[in-house]
Every structure is written in C-alpha cells, then in structure tokens.
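Beneath this line is the structure, given in structure tokens, with notes to follow.
The values are calculated or read from the model by the stated rules, or taken from the named source; none is laboratory data. Model, not experiment: these values are computed from the prediction. Because the Cβ atoms are built from the backbone with ideal geometry, glycine has one as well, and the counts that use them run over all protein chains shown.
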Amino acid sequence: MTNGWIDIKNTDLALVMGGNPAENHPCGFKWVIEAKRNRNAKLIVVDPRFTRTAATSDLFCQIRAGTDIAFLGGMINYAIANNRIAHDYLLNYTNAAFIVKEGFKLPEDGLYSGFDHATQTYDRSTWTYEDGSDSGGVVASHAAPAAAAPGAPKPLPPLPAKVAYDLTLQHPRCVFQLLKQQYSRYTPEMVERVTGISKDQFLKTAELFTSIRKDGDMKKVATIIYAVGWTQHSFGTQTIRTAAMLQLLLGNVGRAGGGVNALRGHSNIQGATDLAGVFDILPGYLKVPTPADGDLAAYLKRTTPTSSKPNPWDSYNYWSNTPKFTVSLLKSMYGDAATKENQWAFDYLPKVDRNYSWTQIWDNMYRGSVKGLLAFGMNGVAIGPDSQKNIEALKKADFLVVGEIYPDETSEFWRSPGITLDEMKTIQTTVYRLPCAGFAEKDGTMTNSARWLQWKYAAVPPPGDARLDQDILAQIFLKVRGLYQTRGGKFPDPILNLTWAYSDPQHPPLAEVAKELNGKALADLTDPKTQVTIKKGQQVPGFAWLKDDGTTACGNWLYAGSWTEAGNQMARRDTSDPSGLGVYQNWAWSWPANRRVMYNRASCDPSGKPWDASRKQVWWNETAQSWVGNDVPDFKLDSNPKDHMGPFIMNPEGVGRIFGPLAAFADGPFPEHYEPIESPVANLFHPNQPNNPVVKKMKTPADKYAGPNDGYNVICTTYRLTEHYHYWTKNNPMNVQLVPEPFIELPVELAQELGIKGNDKIKVSSIRSYYIAKAFVTKRIKPMMIDGKKTYQIGIPIHQGYRGIQEDAGRDARTILNRLTPTVVDPNAYTPEFKGFLVKVEKV
Amino acid sequence: MSQATLAIKKISGHPGPAPGADVERDYQVAKLIDTTTCIGCKACEVACLEWNGYTFTETTFDNSYQTMPSTAWNYWNLIKFNEHEREDGTLQLLMRKDQCMHCADPGCLMACPADGAIVQYTNGIVDFQQQNCIGCGYCVSGCPFDIPKFNPTTKKMFKCTLCSDRVSQGLEPACIKSCPTGCLHFGSKEDMTYLAESRAKQLRENFGFEKAGVYDPAGVGGTGVIYVLHDVTDPEAYGGLPKDPHIPWVVRFWKGPAKWIGNLAMLFGVLGVTLHYFRYGPKEIHPPKNGDGGKP
Amino acid sequence: MSTRVISSPRTTGEPGERILRYSLAERIHHWVGFLFYFYCLITGLAFWSPYMYWLAALVGGGPTARFWHPWFGVAFTISMFWMYAMWDRDMRITDADRRWKAAIKSYIENDDQNLPPEGRFNYGQKLFFWVMFYGIILLLISGIGLWFVEGIPSSLRWLRYLSVTVHVIAALATIGAFIIHVYMGTAMVRGGFTSIIRGEVSTAWAKTHHRLWYEQVTRRQSAGR
Amino acid sequence: MELSRRTFLKGAVIGGTGFSLLGFDLAPAHAQLKELKIARATETRSTCPYCAVSCGVLIYTIGDKAKNVTPQVIHVEGDPDHPINRGTLCPKGASLYQDILNDRRLLKPQVRRPGSQQWEDIAWTQALDEIAQRIKKTRDDTFIEKDAQGHTVNRCESLAFIGGCTDTNEFNYLVVKTMRSMGLTFIENQARV
C-alpha cells in the first residue's frame, strides 16, 4: 500500500475495485467505514458480484470480470474530458509534460510499436522520451529515430539524461496528449458494451469519483483500494497501472487518505516479497543478475538507473544507491568470503536468463526437469492453476518436502481423489511431511500490507514433535553443508561460505536474524555532514549509512533502521498519534525509514504548502530550510522546493510515470484493454488482437484453453470468503461451522434457465476439469448485456480441497476449485489468470 | 468462587418485589447495532462462541451466507442475511445481528414461573440463571423476539447474556469488542441512543436514506440493544425484526389480572365450602322409617 | 335406566346391612386418578403463582416438578379415560337429573326431603365427572402446546398464547370442581369418603342419598337369588 | 460446593423464599457471575497469521510461566492497544483458539515411500539426513556452471522452494540465504499467486 490501513480514515471518497475488503480484510475495512462515519466519505464498489463490501457502499456497479482496464480507461477519458484533473500536480509531479520520442505508436490496432510476432515480444526502444539536451529542452520535433538494429534483442538504450518537455501540454507527442488520445477510444458507450455497466451508471460513477477535482478543487482526496481481483489476470499489472495513472491525474498519490492501496493477502506476503522469496529479485527489490552481466560492474551498471528529467528539474533517483545496497547484501550473505577481489562473491549468486516463476516450476516439473520441491506453508496443488497438471507434475518428481501444520492437498497428491490403489504403486515420488510450528509458537516479525514490521512473541511451544520452521530449514542446510564439507561436490563455495554465525546454528534465534537484516557496520564509519560515527559491529541507524566498499553488511536495505543500537524498533508499542491522521510514528516500524505514507512530498503544492491544511502530513519549513511534518518526509530533507525535485524519488525521472518508458512494462507504456484468454466475446476495441500480445500459452498436453464456441460461455470468477482463509481454516471447526460446505454462486436467472434450485448439487466444468458443489442461487449477481449479448457470470469460493474436517467426513465432493483455472500468466508479475475464465454449468 | 456480582432489580416468579431493587445506583448498559455498517462477517458469532466456550453444532449450507436458520441454545447471536430488493430495483444485502434485546420490560421475565430463573440487573441486562431455570419454556411464549432457546439435554433455557460476566468485571461484551467495522458499540443507554440518533441523522442527510432511524421499541419499554436501520419503517425486512414488539397481551393478562382472579377464585372456592359447612353442616342420614321410599 | 348391578357377597338388603357401592377396580381407578391429578394440581399451582412456588420444593424442586407435571397430566388423562370407560353409562345425564338440578337449591340447603330420588350418581356428581373429563382433554391439548412450545414456529405464535389461555381456564375449572367434589365427598356427605375407600355404604345411606340406585340394587338382588 | 454455571448467593433468593413469601426480605439480591476465565491467565501479544491487516491479538494461556506448566491456550482476543484493529478481530482471527489448539495438527514427521499407499513415521534425524542427501545429489547431478554462451551462471534448476508468506521475515531471509547459496532459481511464494 502507498498509504496505510489507518490512513484510509482520512479519505473523502473510496473506490473499491478488484477487491472485497469487507470480507477479506474486515479489520482493515473498518477505516473505510470510519471515513464514511466521520467524514461523510462516499464508497464506490465495482465488482463482478454484489459483495458484502458492496452492501455498505453508496454506489455499486456490476462489471464483467476481466474488463477493469476498459472501465478505468473510461474514467480517465471522463476526467480529461470534463477537466477534472489536478493541473499543477500533473504538471510538476508526473511525466505528463515529457515528450515521447518519434516512432512510438499508440495501439489503435491493439499493438504498440516494435512488436515481433515470432517471439511475441516488443522491441521497446521506441518507448522512450525525446532527448531534449540539444534544443534547450523545449521542443524538438525532428530528431531521427534510432536505427532499429536487426536480429538479437540489443540492450535497451538508457533514458535520455535531459528530457524534452512542454509545460503547456500541447505538444502532440507529449505524454498528456498521448494519454488523451489513447483513452479517447474509451467512450462511455464502449465501456457499456465491453464491461456490461450501463452508460448512465458508468457516468454516475465517473461523475462521483472525479467530483473531488470539480473545478480544480485540490482539498479533497480519493483513495483506490484493490486486491487480487485486479492482479489475477493476464493483464493484471496494467490494470493496476491504469488506477495509478488515474490517481496521478487526480493528484491523489502521496496524500493522506489517497494513494493506490493494494490489500496484500497473507500476513507476511509483503515481508516475503521485500525479502525476495520470488525468483526475479534479491532482498530489497534488487534485480537478480543475468548471465549477460558477466561481472559485478556490468550488473551494477545495468541495474543502477541514471536520472532522466527536464533540465531545470531535480531528481533524487534514489535507486542510484543500488551498488551500496547490493554490496551490503553480499557482505551480509557471504561475510568475509565476499572480498573486493571476488567482486564481493558476485559469482556465488545464480544468474537468471528466463522465467522461473510459479507456473514455470510446475511446467518444468511436468517436463521432468524439476526433481525436488520444498514446500513450506504453500499448498501448490490447491493453488493450481490447473491443479490436475500440478498433481501430474508431482507424480514425476523425485522427492517432495512439505512443511505444514495441517495435512494438506500437496503432501497427499499421491492419494488425491481419482487415484486408484494400484496407480499409487506407480507413483515413485518420496514425500516427506514435516510438522511445523504455528503462528503462536514463533516469535519474529511480519510485515503487513501497510509496510509495518511488527515483532510478535511466542505464546505456546509447538505441539508434539513439531519444530520451528527456521530450525528445520537451518538443520537441513547445515546437513547439506556438512555433506559438502566431507564429500565436496559441484561448486560448494557459496554453501560453505554462507554466513551462519548464529548463537545456536541449529536453532537460529530470530532476533539475531532481524539484526542481520537491519545491517551493521564492518568498520568505523563517520557521516561527513553530521560528524556522527558508528563503531565496527554496531547496527546501522538507516540505509543512508550503507556503503559499497564492503564496510557495511545489510540483509535488506529497506529494513535498515528496524533494529538499531536503540533496540528492536519493531517491538515498539507507543499508541500516540499527535497528528490524528493515524500515523502512529512510534508503533512498531515501517519501511522505508519508518515512513508511513509514501510520496508524501506530493501532499504539498510545488511551493511546499500542503494542498489541504486540515490534513497536514509534511511541509517545507522555510526557517529550518528542511522538510518537516507528522510523518517522515519521503524526500531529500534539505531540497528546497525551488529546486523542483520530483516527489517520486525512486523513479529516475523523479516524477510519477503516466508513461511507462522502456523496460518498465512488457506489454506497453499505457494500459490497453485486452480480453481474458478465455473470453465469451471478441475484443471490441481491436477484434484482430483480442488478447495481451505478449502473453504466451503453455504447450504441455495438460494446458488447454477454451474459446466461446467450445461450449463454455459462462464467465467464472474465483473469490474468498470472510469466514475462511485459503486452504487453512477448513481444518478449523469454528470456521467450518460458519461455512460448512463449498458452494457456487449463480444468478437467479441462470438457475431458472438450467432448472437449478438453491442447494442443488451442480457441476461446473471448464475445458480443463470440473468442480462439484451446492448451488447458491442469488440475486447478487445479475445477467449482463455484453455487446448486446446476454452473458452470465458465476463465482466460486476457493476454500475447500480434499483434506479438511468436512472433506475427511465425506460431506463434500472433495474437488479443488483451481482444477478449473487456466495456466496463463501476467507478463510483468507472472500472476496466473485465476479470474474471468469460461465454464459451463450443469446439474449433477 | 467469583466475587463478581451484579445487583438485581427484577426477579422472575418472585413473590413480592425484588428485594432491595432500588438500593444501588447503576447506569443502563446498551449495545448499539448499526446495520448500515455491518458487513456480515460473523466475527460476533465467533467471539461469542469462543468466550462462552459452547459446543459446535452441525450446520449445513442453505442457499445463504447465514450460518443457521435461527439462534440456538449454544449459538446466541446470529447474523440474518436478506437479499432485499428495493422499489427502485437496486439490491440491498441487509445483515442484522439477531440476539436477545435485553428489554427494559422483559416478556421472558414476566412469563417465567420459576423463582430467580430470569433476573434483570440494575444495569439493564436480562440474564438467565440456569440453576433456577426449570425448563418450562414459558419465556418462549413471553418473548416478542422469539429468542430463548431450549437445551434438550440439560432442560434449561439459554440466550445471550450481554456477557454479564465480562461486564461485571468492567470489560465490554466479547462480540462488541470483536466487531471489525465498529457497527457494534457498547456504552450507557444515553450515549448509545445519542450515537444512534446522530448516525441516523447522518444517514438521512448525507447518504440518502430518508427513512433511516433508530429501532428502540417502546412496546417493551425500550431495549438494551438498539438498532440503526436503513429503513426503520420496515424492520421486518431485516430477517423478521418485529415491527411493533410488545409483551403479548395474553401473557400480560395471564401474569397480571388472571393471576389474581384465579387465586381469589380458588380462595373463595375453599372459603365458600367452609362457610357452607358452617351454615348447613353435613347431610343427615334419616333413619329408615318403615322402609317406605317416601319423600325424605 | 339400566344400572349395572354391583353385588357384594355380604349384600342381603336387610336394614343395617352394607351395600357395595364401588367395586375394588373403581376405587383403585378413582384413587390412582386422584394421585395423578393431585400431583398436577400441586405442581400446576407452583407454576401458576410465585406465592405457591414453594409447593414445587415439596415435590422435588422446580425442574423435577416441571419434568413430571406433563407426564402425570398424561397419566391422569389415561386414568380419566379409564373411569370414563367404567362409568360412562352411569354418568349419562337423564331427565331425572334435570329435575334434580332444578331443585338443587334445596340440596345445597340440606332439606333433601323434597329432592327427587337420585340414581347412582346425582346430577352434581355427574357434572363434576364431565367437567373433569372435558377439562382434562383441554388440559392435555393445551398442555402439549406448552410442553413443546419450541415446536410451535414463531409464525404461529398465537397458538402458544391460545394454549396458555386454554390451559389456565381449564385448570381453574377443574380446580373449582375438585374443591367442591372433595368438600362434598368428605365434609357434606358423611360416609361418602368411606364408600370410596371401602366401597360399601349403609343401607340407610343408600336409601337417603341414592334411593333409585338402592331400589335397583335390592330388587335385582332379590330377583337374582 | 459443585461449581454450577451460576449460583445465587444462598441468602438472596432460595433461602429468602421463606421470608419473601410475605415479601418482607429487603436485603439487595445479587447474582453471582461466572469467574472471568482470563483473570489469572498469562497474556502474550502476537499477530494474527491470516491476512495482511496484521491485527494484534492477545493469547491467554494457563499458568504463570512456572517451570512445571506447559502453556495451554484458553482464549484469544483482539489487542485493544493495536492502532489498526483496536481490539477487533474478524471471524478467522476470533477463532485462532481453534487454530492453535487443533487435533488435526501434524505432530510427527512422516514419509511416503515410492509406491507406498500410506504414511510411515520417520525420525527427525533420519528425515533431515535423507532430505539433505537428496538435495545434494540432485544439485550435484544437475548443477549448471556455465550456460550455452559460456557465461558463468552457477544455478541449479532441478530444485524449487515455495512458501513463506505466512511465516516471519527472518525465516524468509534464511530461505533466500540458503536457497540462493545452493544456486536455486525456482524460488516462489504466495506473492506470485
């Protein structure tokens, strides 16, 4: 989240779309209710179903699953057409005024410039800014386009240091004009035909949402709250970008009660992401080295952006510190073995040159190249997508290690429903199921969706022979290291040199690991400006102290400052909030640098005065010549507003990216509406390019994709209930009592058509598999007119499987929902398209 | 044994007034339920069952998010789900927490024949005392909201106690503490009424619910549990919340005048025959005069 | 009017002799019925009024009283039907009873002379029987409503109120009748109590109180020998 | 006296029945209430493991941390001081008692041998040894030092690690350290799905 949970209470208007916070984040949703109750804030909900969030909303639109970009594009079009935009904000804090290089083509026909049909990828060299260095930066309309080199994808050119720009926003190739032209096609009529939301309902919604900027009023703030409803599509990243662009257009980012707020799902999904539990990043969102990088210097050169801004502006370009963070990470991982000579153990890191994401694991296992899987608290079979493929893949694997607290589907794939006794004999996979500790049996920190790191304490010991997860992991690693020490083996160096200096190696205390994450000085360091020195071995107070000369070690630069010499900041419990904006500076610790609302410099006008005095976050203090306020300024403290430094300090441009240049996105600088892979209708914007051009379908026999004429014409979306938690609480008798059986929500009209009554057992099947559950005939999902054709949507909760209280008692069909979902992923985030695929419904 | 006690101001089936009913001062507690901000998450159902430690019941899915058709002896509060279609065609998912209303003039207490089975504390909470309950079920007839539920094994009646054990220790009820959106609120009756009225006013003026209002039925002398409803003129749409709940006149008559009439009638019955006996004495058997079946 | 003749081995019809009024079976049924009724009365009164709730303490405490009251009610109903089976014909209200009824005032004032002769049971006793008989049927039906009050859905809540009302009224009616019955049987009609205990009455008692019944018994007796 | 759910102070009602028959008993009647079950319990502050709101919870366990007691959870409630949830919990958080104390919890390491139809118990040491040997063998068999173009890659593509999103930051950092040191590239967690 750019803001935080409690900050939502400061909003004047909340758009909840692609998420169902009332059911999935109830205690966080209290803050939307608080805004309604204390500020008369309005709540708009746009969802394929009338959810319990919609029950408390002031305006609800039922949208076809997978058409969010069309809706949001329509909103951008409406905002620009009715001049409901934050003009100063747009001009100074976004790249609206930047001029895009000649040769860039908007996707009227569904394709941006530079698309290569053979490799299904873009040559993105044309997606960059016009170089404004030679002509004083104002207008340069004739620079020759760079010759498109044939053949191998050459490394992308860097962004121009000095960007051409036009503050009048009139230049035909300035970002604002391109934006206007791009979404001019998203007329209210088109929105109605694509999304199924009637024209006047859409206009009412657009009017209400953009009303905060009626005749340029900058006081009000709107927030956008979303969750996996947006992410789980083959264009998920672009959907979220549309929302970000809309919020930049309306000047809501960085302000109390504003921002783009993703409601992360799991308790520590944010922490696991910060610490790079995913293939393509290293802790602190550092890029993983590629084979082409060759050595550390080349890798750092590739991953350290240079600022690219209009000449008179200033850009902090904080990622320029990447070398400091990377070297500190390597020193933390490999300690003394990381020396200047071996490029700080750069070669110990595996190099990544292709996609190793979630669906690739199962695809490679299915093809036999992944032999062993360690699953600690992640139920791969139940998650899918296309769970049957995952089960087939596991049958081919050598060994599977599952660390769980309950018996789950993944550890028992070999006796999942449909596998006969003698087929079990043919499954050669060895499965180890290790009993792990639950949340109440572990201390340590978890990072919530608002980036707060909070320390927790263990209340009870693990039951039976269960062991703490970190102990299991440590013991496995130490045994592997022991084997390499005694018998040697392939490239043992990183394993032997990994730092493991915990007081009890077999049971690493999490406090020591937390300190390691914060980072410490490996030599006496002095800050030239403030003459403060910290001794060797002391914890670094913040990431500003990190060095790239090997004199500091830090597990994750974002967490520097979480455990300083002043102790465990994450365990702080001071409940004071002097500003009343819900900042709570001294409760726990939030990254980065305990900042609670990101980009909060943008809450002030260019001269450094808050747009809305009643919600003051940070402001420029002329006398102190510094930024001060109720929250840690997300800015260079001493940068005078006259220097016009952009508030988005992480971007090379220093400003918000309405236009996402070069390698930012795989499928285009602007989001374009593409139909889900399995869609009932053609793409009304460009029929000959229905789907996201860069999305690749998988090729194994277990990967099947349906079209509307394959007999599947009902749109299906998957969702979560408030009473259950993924595949976990089906083991909890209390939650099972609340929702005892799986069900399928379908509209009354569809039920009548198929002769289905409430509680009937029905079978929903996609081209991949089937799912059986009771019918929940409801008025909360209405039939929709998509391009004049009556279309039905149904929704299915994900929570049941084949091991659980009801499942073991044989009280449900023991089928897994994610057998239905297609194996196709978003090109930027690699999230599978769990929502908006095609099924057919029949009585059992 | 716990030292926690709560002073009583009304006792069921008690000859004469509750002793010392007006001796101690206490504020009236109240629970506010703002159905306009209820998200039907059932945290209150779970918190209640967790705190009171009652057994789980076998539930089946019945074409609704609702956990079970009605409250049970071991499931004291239940959210009633209602897909309500408004006149202008828009849909409302009404969610109302159904539990004992803790009436100021409780019908269950009036109907209960057992001495001390149902008591009303000076802070307004109406509570069942299981050890005095005789399981007769009169309270089911007395209650206008159909709340008391019978446990067939222990033959006792159960209902929400507004966490009298927590309240007596200065804690708020478990369901109220747990409610994520703060739709449940706890405090004195005055504060809760003020909160409810201001919320209803806000709904009327800012959120377009012209008929929003506070549900605090006078038919039972006002309740310890008050609702804020989107449309207070149609409470029935909220899963059968009675429009004008009052103690049934049959029960009122039965426990009021009929009681005295009956008692007096019996008293006079006995007195009558005794006086008759004094007046006329027993019947004499006349010695048979020559066997004639004559007149005497 | 055919009254079943009850003979006792010692009945000989001479003055001073005892005549069998109630057979052993009849007496047992009467007293068993009384036992059930009396338990229901005591517990019923306990539920009826707080001032009499202490009665429940006498018969095992509130819950036990509540548990057995309905069962004893059912038992009394069964014994009532049994009595009905026995005395159905004797209890039929005849013209003689109506004439007797017209003169009931003198019965109350003990100048029994100008009363028409009574059969086996006089009109008062028959009235008592029928009041108890119909009373207990109403009590049973409304009792079921009270007993399984949760079985009645809240949509039919008026049925609950009806069963309360009917139960109360029927109970009061039976209690009134019971008071009079006990009074008459013990205080007013000397020998009545012993008749229901030992089953026999003196010939004079029979002639005085139930002349027609007396004549019928002695006539048959003499015819039968 | 047997502790029934609630008992009347004898003096108040039953004993008073005799007197109160005549309605003269004026001593204030008090109901005795259930002992507050968390009155003497140990209170531990933790964070709900479910969603990313990270509600603060108080876990009440028996015992006062004396040596001879294994803490047993008796109640879980929201932490009123936590600024985000302020004591509230959702239906999942409020039923954490059943998540901590659950008879379905896995209590001992088990292994399913190739071709077998049921689980077998296995000792921790043996399980961990076997796992370590399998990891080493698989890594050594398939380790790629250089790719086709001759660049050093030092990666192992035949092992995968998934998980960690409801586990602590420290555990995730240990995962990244250990798995990256073994050259794994297939590392994923729930953030991806």
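Taking D:V111 as the residue in question, decide whether it is farther than 30 Å from B:K177 by Cβ, facing another protein chain (nearest Cβ under 7 Å), in contact with a helix residue (DSSP H, G or I) (Cβ under 6 Å, 6 or more places away or on another chain) and assigned to a strand (DSSP E or B). Before you say what the answer is, go through the steps one by one.
Values: farther than 30 Å from B:K177 by Cβ: yes; facing another protein chain (nearest Cβ under 7 Å): yes; in contact with a helix residue (DSSP H, G or I) (Cβ under 6 Å, 6 or more places away or on another chain): no; assigned to a strand (DSSP E or B): yes.
Taking the combined requirement at face value, the residue does not satisfy it.
Taking the conditions exactly as written (exposed (fewer than 15 other Cβ atoms within 10 Å of the Cβ), modelled with pLDDT of 90 or more and over 24 Å from B:Q99 (Cβ atoms)), does B:W260 satisfy them or not? Step through it out loud before you land on a result.
Values: exposed (fewer than 15 other Cβ atoms within 10 Å of the Cβ): yes; modelled with pLDDT of 90 or more: yes; over 24 Å from B:Q99 (Cβ atoms): yes.
In short, yes.
Which of (1) modelled with pLDDT under 95; (2) not in a loop (DSSP other than H, G, I, E, B) is the odd one out, the single condition C:W71 does not satisfy?
Condition (1) is where C:W71 drops out.
Tell me the residue from D:S46, D:S4 that is at pLDDT below 95, facing another protein chain (nearest Cβ under 8 Å) and closer than 24 Å to B:A174 by Cβ, please. Full working, then the answer.
Values: D:S46 fails: at pLDDT below 95.
Going through D:S46, D:S4 in turn, just one is at pLDDT below 95, facing another protein chain (nearest Cβ under 8 Å) and closer than 24 Å to B:A174 by Cβ: D:S4.
Assess whether A:K547 counts as being out of contact with any helix residue (DSSP H, G or I) (no Cβ under 9 Å at 6 or more places or on another chain) and among the charged types (D, E, K, R). Walk me through it before giving the result.
Working: out of contact with any helix residue (DSSP H, G or I) (no Cβ under 9 Å at 6 or more places or on another chain): no; among the charged types (D, E, K, R): yes.
Judged against the criteria, A:K547 is not a match.
Being within 14 Å of chain D (Cβ to nearest Cβ), at pLDDT below 95 and either under 30 Å from A:G654 (Cα atoms) or part of a loop (DSSP other than H, G, I, E, B) (or both) is the requirement here; does A:D347 meet it?
Taking the combined requirement at face value, the residue does not satisfy it.
Please specify each residue of the stretch A:564-587 satisfying the condition of being crowded, with 23+ Cβ neighbours inside 10 Å and in contact with a strand residue (DSSP E or B) (Cβ under 6 Å, 6 or more places away or on another chain).
A:M570
Among the numbered criteria (1) under 21 Å from A:L275 (Cα atoms); (2) more than 8 Å from chain D (Cβ to nearest Cβ); (3) in contact with a strand residue (DSSP E or B) (Cβ under 7 Å, 6 or more places away or on another chain); (4) not acidic (D, E), which single criterion is violated by A:T533?
Failing condition for A:T533: (1).
If you check A:G66, A:G73, which single one turns out to be part of a helix (DSSP H, G or I), in contact with a Ser or Thr (Cβ under 8 Å, 6 or more places away or on another chain) and of a type outside the set (S, T, Y)? Let's see the steps before the verdict.
Working: A:G66 fails: part of a helix (DSSP H, G or I).
That would be A:G73, the only listed residue that is part of a helix (DSSP H, G or I), in contact with a Ser or Thr (Cβ under 8 Å, 6 or more places away or on another chain) and of a type outside the set (S, T, Y).
(1) among the hydrophobic types (A, V, I, L, M, F, W, C); (2) over 17 Å from B:C100 (Cβ atoms); (3) over 19 Å from the mean Cα position of the chain (by Cα): which one isn't true of B:A18, the others all being true?
Just one mismatch for B:A18, condition (3).
Can you find a residue that is out of contact with any Phe, Trp or Tyr (no Cβ under 9 Å at 6 or more places or on another chain) and buried (at least 22 other Cβ atoms within 10 Å of the Cβ) anywhere in the stretch A:486-502?
no
Restricting to the stretch A:694-716, name every residue that is under 26 Å from A:D363 (Cα atoms), β-branched (V, I, T) and not in a loop (DSSP other than H, G, I, E, B).
The one that is under 26 Å from A:D363 (Cα atoms), β-branched (V, I, T) and not in a loop (DSSP other than H, G, I, E, B): A:I715.
Which ones in the stretch B:146-170 are more than 10 Å from every other protein chain (Cβ to nearest Cβ), farther than 16 Å from B:C48 by Cα and either free of Cβ contacts under 8 Å to residues at least 40 places away in the same chain or surrounded by 19 or more Cβ atoms within 10 Å (Cβ to Cβ) (or both)?
Scanning the stretch B:146-170 gives a single hit, B:T153.
Scan the stretch A:102-120 and give yes if some residue there is under 23 Å from A:A682 (Cα atoms), of a type in the set (D, E) and without any contact (Cβ under 8 Å) to a residue 12 or more places away in the chain, otherwise no.
First, pick out the residues of the stretch A:102-120 that are under 23 Å from A:A682 (Cα atoms): A:105-113, A:115-118, A:120.
Still in the list and also of a type in the set (D, E): A:108-109, A:116.
If we keep only those that are without any contact (Cβ under 8 Å) to a residue 12 or more places away in the chain too, we end up with A:116.
Yes, because at least one residue in the stretch A:102-120 is under 23 Å from A:A682 (Cα atoms), of a type in the set (D, E) and without any contact (Cβ under 8 Å) to a residue 12 or more places away in the chain.
Residue-wise test of (1) more than 23 Å from A:R819 (Cα to Cα); (2) outside any strand (DSSP E or B); (3) of a type outside the set (A, V, I, L, M).
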{"residue": "A:T718", "(1), (2), (3)": "no, no, yes"}
{"residue": "A:Y725", "(1), (2), (3)": "no, yes, yes"}
{"residue": "A:V736", "(1), (2), (3)": "no, yes, no"}
{"residue": "A:I772", "(1), (2), (3)": "no, no, no"}
{"residue": "A:V777", "(1), (2), (3)": "no, no, no"}
{"residue": "A:K790", "(1), (2), (3)": "yes, no, yes"}
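Of all residues in the stretch D:87-98, which are part of a loop (DSSP other than H, G, I, E, B) and small (G, A, S)? Spell out the reasoning first.
If we filter the stretch D:87-98 for residues that are part of a loop (DSSP other than H, G, I, E, B), which is where we start, we get D:87-92.
Scanning the stretch D:87-98 gives a single hit, D:G87.
Considering only residues that are facing chain A (nearest Cβ under 10 Å) and part of a strand (DSSP E or B), which ones fall in the stretch D:67-86? Explain how you work it out, then say what you get.
If we filter the stretch D:67-86 for residues that are facing chain A (nearest Cβ under 10 Å), which is where we start, we get D:70-73, D:76, D:78-86.
Once the filter is applied, which keeps residues that are facing chain A (nearest Cβ under 10 Å) and part of a strand (DSSP E or B), the stretch D:67-86 yields D:V73, D:V76, D:G78.
Let me confirm something: among B:F61, B:F81, which residue is more than 9 Å from chain D (Cβ to nearest Cβ), over 17 Å from A:V736 (Cβ atoms) and among the aromatic types (F, W, Y)? Explain how you work it out, then say what you get.
Details: B:F61 fails: over 17 Å from A:V736 (Cβ atoms).
Checking each option against the conditions leaves just B:F81.
Testing A:S307 on (1) more than 24 Å from the chain's Cα centre (by Cα); (2) at positive phi; (3) not aliphatic (A, V, I, L, M), one condition comes back false. Which one is that?
Condition not satisfied by A:S307: (2).
Which condition does D:M179 not pass, out of (1) within 7 Å of chain A (Cβ to nearest Cβ); (2) crowded, with 22+ Cβ neighbours inside 10 Å; (3) under 19 Å from A:K351 (Cβ atoms), if it passes all the others?
(1)
How do the helices (runs of 4 or more DSSP H) wholly within the stretch A:193-291 filter down when requiring 2 or more residues that are more than 9 Å from chain D (Cβ to nearest Cβ) and charged (D, E, K, R): which remain? Before you say what the answer is, go through the steps one by one.
On the way: elements: A:199-210, A:228-231, A:236-249, A:269-274.
Ranges flagged: A:199-210.
Sort out which residues of the stretch A:314-329 are closer than 22 Å to A:C174 by Cα and either in contact with a helix residue (DSSP H, G or I) (Cβ under 8 Å, 6 or more places away or on another chain) or surrounded by fewer than 20 Cβ atoms within 10 Å (Cβ to Cβ) (or both), and write them in order of number.
Correct list: A:D314 only.
So for the stretch A:404-421 (the condition being without any contact (Cβ under 8 Å) to a residue 60 or more places away in the chain, among the acidic types (D, E) and more than 24 Å from A:T821 (Cβ to Cβ)), does at least one residue qualify?
Step one: filter the stretch A:404-421 for residues without any contact (Cβ under 8 Å) to a residue 60 or more places away in the chain, giving A:404, A:410-411, A:413-415, A:418-421.
Now narrow it down to the ones that are among the acidic types (D, E): A:404.
Restricting the remaining residues to those that are more than 24 Å from A:T821 (Cβ to Cβ) gives none.
Among the residues of the stretch A:404-421, not one is without any contact (Cβ under 8 Å) to a residue 60 or more places away in the chain, among the acidic types (D, E) and more than 24 Å from A:T821 (Cβ to Cβ), which makes the answer no.
So, in the stretch A:504-530, of the ones that are within 14 Å of chain D (Cβ to nearest Cβ) and polar (S, T, N, Q), which residue ends up farthest from the chain's Cα centre (by Cα)?
From the stretch A:504-530, those within 14 Å of chain D (Cβ to nearest Cβ) are A:504-519; that's our starting set.
Add one more test, that the residue is polar (S, T, N, Q), and what stays is A:506, A:518.
On the way: A:Q506: 34, A:N518: 24 Å.
It comes out as A:Q506.
Could you go through the stretch B:20-36 and let me know if any residue there is free of Cβ contacts under 8 Å to residues at least 60 places away in the same chain, at the interface with chain D (Cβ under 7 Å from one of its Cβ atoms) and buried (at least 16 other Cβ atoms within 10 Å of the Cβ). Spell out the reasoning first.
Taking the stretch B:20-36 first, the residues free of Cβ contacts under 8 Å to residues at least 60 places away in the same chain are B:20, B:22-23.
Going one step further and asking which of them are at the interface with chain D (Cβ under 7 Å from one of its Cβ atoms), we end up with B:20, B:23.
Still in the list and also buried (at least 16 other Cβ atoms within 10 Å of the Cβ): B:20.
Within the stretch B:20-36, one or more residues are free of Cβ contacts under 8 Å to residues at least 60 places away in the same chain, at the interface with chain D (Cβ under 7 Å from one of its Cβ atoms) and buried (at least 16 other Cβ atoms within 10 Å of the Cβ).
Let me confirm something: among A:Q232, A:Q270, A:Q238, A:Q177, which residue is more than 27 Å from A:A97 (Cβ to Cβ) and out of contact with any strand residue (DSSP E or B) (no Cβ under 6 Å at 6 or more places or on another chain)? Talk me through it step by step, then tell me what you get.
On the way: A:Q270 fails: out of contact with any strand residue (DSSP E or B) (no Cβ under 6 Å at 6 or more places or on another chain); A:Q238 fails: more than 27 Å from A:A97 (Cβ to Cβ); A:Q177 fails: more than 27 Å from A:A97 (Cβ to Cβ).
Within the list A:Q232, A:Q270, A:Q238, A:Q177, the selection yields A:Q232.
Please go through the stretch A:722-741 and give me each residue that is under 24 Å from A:F50 (Cβ atoms), within 8 Å of another protein chain (Cβ to nearest Cβ) and in contact with a strand residue (DSSP E or B) (Cβ under 9 Å, 6 or more places away or on another chain), ordered by number.
Residues satisfying the conditions are A:H724, A:Y725, A:V739, A:E741.
What tally of residues in the stretch A:445-470 results from selecting those that are among the aliphatic types (A, V, I, L, M), surrounded by fewer than 24 Cβ atoms within 10 Å (Cβ to Cβ) and at the interface with chain D (Cβ under 7 Å from one of its Cβ atoms)?
Here is the first cut: in the stretch A:445-470, the residues among the aliphatic types (A, V, I, L, M) are A:446, A:450, A:453, A:458-460, A:466, A:468.
The next check asks that each one be surrounded by fewer than 24 Cβ atoms within 10 Å (Cβ to Cβ); those that pass are A:458, A:460, A:466, A:468.
Add one more test, that the residue is at the interface with chain D (Cβ under 7 Å from one of its Cβ atoms), and what stays is A:460, A:466.
Residues that pass the stated criteria total 2.
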